[in-house]
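K.L.:
Following this message is one structure expressed as structure tokens.
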Amino acid sequence: AVAEQLTPVLLDGPREESLQLVSELKDSSCSCAVDVGTVWWEAAGRRELRVVTASESTVSLWEPLAPDCWGKVYTWHLREVPVIQIVPLPDTCNLVCVALGELEIGEIRLLLHSSETDSSKHSLVKTGNIKAVVGLKDRRLVSSSRTMQEQQVEMVLLSETGGSKDRQSLMPPEETVTAFAEVEGMREALVGTTAGNSVVVWNLKTGQLLKKMHVGYSYPASICHRAYSDSGLLFVVLSHPLAKKSESCGSPAFRVVAFNPHTGQSTGVMFSCLPLSCAGRQGDVWDTAGAAVLTSGAVAVWDLLQGRCVAVLPPGPAGHWALARWATSGAGLLAGRRDGTVHLYRY
Amino acid sequence: CSESDLGPISLNWFEELTAEAPP
């Protein structure tokens with residue numbers, strides 16, 4: 001039964017109609033987009049979803065003006081250190097979190113703006129050789145950083161005004177943590193992947209490292225995206241940027257692996273493979289949907305529970321897709337080009 | 001997944017591992 005489950009299920013022709021283009025925004029001043037995301041914003045008693053775009057030296061906030069039209073509200077300029085990524089903070093309002101650095105993340109900053117007072121600021125949350133960062137519900141930010149001697153894993157509780165209210169150290173594993181993922185429905189649990197290809201679990205309240213479980217050598221450099229706890233098992237969505245193609249499974253983009261935290265044993269539950277003759281991927285997961293940019297410049301979308309590729313956005317005449325991110329709260333998929341064009345799709 | 005694949009399953013794994021792990 002397990003072998004049967006591991007057989008990839010790929011549609012011959014992925015249904016593109018599962019993605020509907022809602023609107024397009026174009027940052028004409030952007031020479032090279034590095035990331036795109038969404039943030040909840042509350043102003044004048046109204047809460048709405050806004051789009052955030054980032055280039056190396058600027059981060060811009062966009063508001064919906066009409067159903068298919070976006071206007072730029074504000075641009076923060078960050079000239080000293082290049083922006084590497086936008087760090088989503090689920091359910092947080094009026095705060096944009098960005099990671100900056102050269103090759104690796106060197107600092108994490110919070111960006112604030114008030115249209116009522118027309119004031120803006122950014123505050124430094126963390127500096128160091130930061131290897132991984134994740135934003136969690138309830139304005140919590142967890143990061144791992146490394147010195148020559150030791151690794152530090154820390155959770156920062158952010159204030160509404162962009163400060164750090166509290167800090168909690170988490171017990172670091174011996175291996176470098178490469179990614180974090182929140183566990184759906186378990187506020188105090190956090191999952192991480194390590195450079196040694198293990199999945200680790202923390203208790204965020206006590207800071208304890210609860211378990212280390214090996215992923216397996218067939219999937220080097222696995223990255224965790226999301227986890228769900230159900231019926232005593234921990235289901236972790238992993239992406240495999242470096243996994244090689246195999247005859248039985250094709251090239252895995254995402255895999256759902258069930259771990260028994262009690263025994264440390266694991267088994268693969270579902271594969272989501274690259275469409276035929278596609279290579280390379282850089283992925284993002286929301287709920288049970290995965291999206292990845294392929295080296296061809298296309299964006300592929302998977303239903304991770306069924307292991308099916310459900311949509312492919314081919315590269316258009318205007319250029320290749322370079323970014324694919326899920327909007328917060330299931331509001332859709334954001335696909336971005338390097339020239340600053342962003343398409344928002346309903347999924 | 002069955003118990004034979006993954007060993008005995010505990011619904012309270014998080015609490016049990018918290019009690020067992022070093023503080």
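Only the coordinates and a few stated rules stand behind these numbers; no lab work does. These figures come from a predicted structure and were not determined experimentally. Virtual Cβ from ideal backbone geometry, glycine too; neighbours counted across all protein chains shown.
K.L.:
Averaged across B:8-19, how many Cβ atoms of other chains sit within 10 Å of each residue's Cβ atom?
P.N.:
Going residue by residue through B:8-19 and averaging, the value is 6.
K.L.:
OK, next. With a sphere of radius 13 Å drawn around the Cβ of A:Gln208, what net charge do the other residues whose Cβ falls strictly inside it have (Lys, Arg +1; Asp, Glu -1)?
P.N.:
-1
K.L.:
Follow-up. Taking the dipole about the Cα centre of the protein assembly as shown, with the C-beta of Lys and Arg at +1 and of Asp and Glu at -1, give me whichever of A:Gln152, A:Ser164, A:Ser120 is farthest to the positive side.
P.N.:
Toward the positive end, the furthest listed residue is A:Ser120.
K.L.:
Treat each spin label as a single point 7 Å out from the Cα along the C-beta direction, and report the A:Ala331 to A:Asp118 distance in nm.
P.N.:
2.6
K.L.:
Roughly how crowded by other chains is peptide A:258-267, in terms of the mean Cβ count from those chains within 10 Å of each of its Cβ atoms?
P.N.:
Taking all residues of A:258-267 together, the mean is 5.
K.L.:
How about A:Lys72: which aspartates and glutamates have a C-alpha closer than 18 Å to its C-alpha, ignoring those fewer than 8 places off in the same chain?
P.N.:
Straight-line reach from A:Lys72, under 18 Å: A:Glu24, A:Asp27, A:Asp35, A:Glu42, A:Glu48, A:Glu56, A:Glu63, A:Glu116, A:Asp118, A:Asp339.
K.L.:
Using a cut-off of under 12 Å, list every residue of the range A:118-132 whose amide N is near the label point 7 Å from the Cα of A:Arg146 along the Cα-to-beta-carbon line.
P.N.:
Flagged as within label range: A:129-132.
K.L.:
Between A:Cys93 and A:Glu184, what is the label-point separation in nm under the 7 Å Cα-to-beta-carbon projection?
P.N.:
2.6
K.L.:
For A:Lys212, list the lysines whose Cα falls under 23 Å from its own Cα; do not include residues on the same chain fewer than 8 positions away.
P.N.:
Counting by Cα, and skipping residues close in sequence, A:Lys212 has these lysines nearby: A:Lys131.
K.L.:
With n ≥ 4 as the cut-off for DSSP H runs, can you work out [θ] at 222 nm for chain A, using -39500 (n - 2.57) per run divided by the number of residues, rounded to the nearest 500?
P.N.:
Calculated at 222 nm, the ellipticity per residue is -500 deg cm²/dmol.
K.L.:
Counting pairs of Cα atoms in the range A:56-195, how many percent are more than 20 Å apart?
P.N.:
Every Cα pair in the range A:56-195 considered, those over 20 Å come to 50 percent.
K.L.:
Please get the size of the charge dipole for the range A:26-69, origin at its Cα centre, with Cβ charges of +1 on Lys and Arg and -1 on Asp and Glu, quoted in debye to the nearest 20.
P.N.:
120
K.L.:
Of all chymotrypsin sites (Phe, Trp or Tyr not before Pro) in the range A:241-313, which ones are in loop regions per DSSP and have a Cβ with at most 16 other Cβ atoms within 10 Å?
P.N.:
none
K.L.:
While we're on this one: What's the Kirkwood radius of chain A in Å, using all Cα pairs?
P.N.:
Taking the inverse mean of 1/r over all distinct Cα pairs, chain A comes out at 20.7 Å.
K.L.:
Rank the residues A:Val191, A:Val34, A:Val22 as a footprinting-exposure proxy: fewest other Cβ atoms within 10 Å of their Cβ go first.
P.N.:
Arranged by neighbour count, lowest to highest, A:Val191, A:Val34, A:Val22 become A:Val22, A:Val34, A:Val191.
K.L.:
I'd like to know which of A:Gly307, A:Ala327, A:Tyr228 lies farthest towards the positive end of the charge dipole of chain A, counting +1 on Cβ of Lys and Arg and -1 on Cβ of Asp and Glu.
P.N.:
With unit charges placed on the Cβ atoms, the residue in question is A:Tyr228.
K.L.:
Once you have the Cα-Cα distance between A:Ala66 and A:Glu175, take 0.36 nm times their residue separation minus that, and quote the gain in nm to one decimal.
P.N.:
My answer for the length gained is 34.4 nm.
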